[in-house]
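What follows is a set of notes on a single structure, which appears directly below.
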Amino acid sequence: MSHILTKEESFELAKKKVKELSEEARIELEIMPEYTEEFEFGWVFFYQSSEYVKTLNLEYLVGGNAPIIVDKFNSFTIETGTGYAVDFYIEKYCKFRNDIPLFLSEISH
């Protein structure tokens with residue numbers, strides 16, 4: 001049987017993904033742990049600019065930061081999207097988590 005990730009291990013995977021996004025965007029980003037949501041499949045992590053997290057100053061709020069799903073059963077880590085409410089992406093992931101290409105197709109409409 002394969003290893004099921006703990007919340008802490010999933011958090012580390014999400015941090016790695018946020019670091020990649022930080023490098024791409026050329027802005028320091030960080031996970032906001034207080035907004036993490038747990039589901040049967042794993043967790044959804046939310047992030048924001050580090051300056052916003054430190055100051056809560058709306059001037060530092062960034063947009064386009066899609067929540068990150070980490071699946072505790074297969075270590076799959078994916079950025080969702082921002083075109084719909086997060087519930088849309090979670091519903092689609094629950095439905096298509098065993099067929100990632102189909103999941104990606106479903107959320108790209």
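Readers should treat all values here as calculations from the given coordinates under stated rules, not as data from a laboratory. Given the structure is predicted, the values throughout are model-derived calculations rather than measurements. Cβ coordinates were reconstructed from backbone atoms using ideal geometry, including for glycine residues, and neighbour counts include every protein chain displayed.
Looking across the range 92-109, the residues that are in a helix (DSSP H, G or I) and loosely packed, with under 14 Cβ neighbours inside 10 Å come down to CYS94, LYS95, PRO101, LEU102, LEU104, SER105.
Filter the range 71-86 down to the residues that are among the hydrophobic types (A, V, I, L, M, F, W, C) and not in a loop (DSSP other than H, G, I, E, B) and list them by number. Scanning the range 71-86 gives ILE78, VAL86. The condition of being crowded, with 16+ Cβ neighbours inside 10 Å, in contact with a Gly (Cβ under 9 Å, 6 or more places away or on another chain) and in a helix (DSSP H, G or I) holds for TYR89. All of (1) of a type in the set (A, V, I, L, M); (2) more than 25 Å from GLN48 (Cα to Cα); (3) touching a helix residue (DSSP H, G or I) at 6+ places or on another chain (Cβ under 7 Å) hold for ILE107 with one exception: (2). Cβ-Cβ distances below 7 Å connect the following pairs, each with a first residue in the range 8-27 that is under 13 Å from PHE76 (Cα atoms) and touching a residue at least 24 places away in the same chain (Cβ under 8 Å), a second residue that is basic (Lys, Arg) and surrounded by 13 or more Cβ atoms within 10 Å (Cβ to Cβ), and a separation of six or more residues or different chains: SER10/LYS72.
Give the residues of the range 52-109 that are farther than 23 Å from HIS3 by Cα and among the β-branched types (Val, Ile, Thr), sorted by residue number. Listed by number, the residues that qualify are VAL53, THR55, VAL62, THR80, THR82, VAL86, ILE107.
Just one of the listed residues (GLU23, GLU91, GLU37, GLU28) is touching a strand residue (DSSP E or B) at 6+ places or on another chain (Cβ under 6 Å) and at negative phi, namely GLU37.
Might you let me know whether the range 59-67 holds any residue that is part of a helix (DSSP H, G or I) and either out of contact with any strand residue (DSSP E or B) (no Cβ under 8 Å at 6 or more places or on another chain) or surrounded by 13 or more Cβ atoms within 10 Å (Cβ to Cβ) (or both)? Within the range 59-67 (the criterion being part of a helix (DSSP H, G or I) and either out of contact with any strand residue (DSSP E or B) (no Cβ under 8 Å at 6 or more places or on another chain) or surrounded by 13 or more Cβ atoms within 10 Å (Cβ to Cβ) (or both)), the answer is yes, since at least one residue qualifies.
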